[in-house]
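Please treat every number below as a calculation from the coordinates, not as lab data. Model, not experiment: these values are computed from the prediction. With ideal geometry, Cβ positions are generated from the backbone for all residues, glycine too; neighbour counts draw on all protein chains shown.
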Amino acid sequence: MIVKETKLKGCFVIEPAIFEDERGYFMESFNALRFNSAIGSEINFVQDNQSYSVKGVIRAIHYQIGEYAQSKLVRVLSGTVLDVAVDLRKDSPTYKEYVAVELSSENKKQFFIPKGFGHGFVVLSESAEFFYKCDNYYNKESEGGIIFSDPTLNIDWKLPHEQLIVSEKDQVLPTLENARL
């Protein structure tokens, strides 16, 4: 496993060791001891989530605050997405900055996003299955969000605006300036 920290402290791209032969491939997708050692933190995942989306769907930018803040380990089971983490830690030198990582069923990369970050993705392929582990349970009263088109963040979603499919809920999210952090 190769683990690389991004420009946002605490966010890591993880490339698993893949063993291929004429039968197909094998990879260890998660090992708590190796994972915690690699990121230098003790994470206990308690919930797994999976979604299916078609090309152009944006699921962004979401987070949980307070005692229900979540760290996530995300990956793509089929298709390709552009995955985005936004630093929402007001005391961080990279506050309001983001990093984007292409995750696909082919590259098998994973992306770790710690507590204190917003998270979202857009589907770049015809469809995608997205899977993620969370270290805290979802709590509706603790959810927050930022509009995907926030001018301060200026995220390049890699698709023309007219191709984006955004839920009604996500269309009315506030800007970063007005978000509940």
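Summary of computed values
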quantity	calculated
MRE, 222 nm, helices only [DSSP H, n ≥ 4, -39500 (n - 2.57), over the chain, to nearest 500]	-1500 deg cm²/dmol
Fewest-first ranking of L88, L181, L153, using other Cβ atoms within 10 Å as the exposure measure	L181, L153, L88
Distance in nm between pseudo-label sites at S51 and T175 (7 Å out along the Cβ direction from Cα)	2.4
Residue among Y98, Y132, Y25 with the largest mean-square fluctuation in a Gaussian network model of the chain, springs linking Cα atoms under 10 Å	Y25
The range 67-99 residues near the modelled N44 label - backbone nitrogen below 19 Å, point 7 Å along Cα→Cβ	67-73
Peptides 2-15, 55-68, 155-168 ordered by average Cβ neighbours within 10 Å, highest first	55-68, 2-15, 155-168
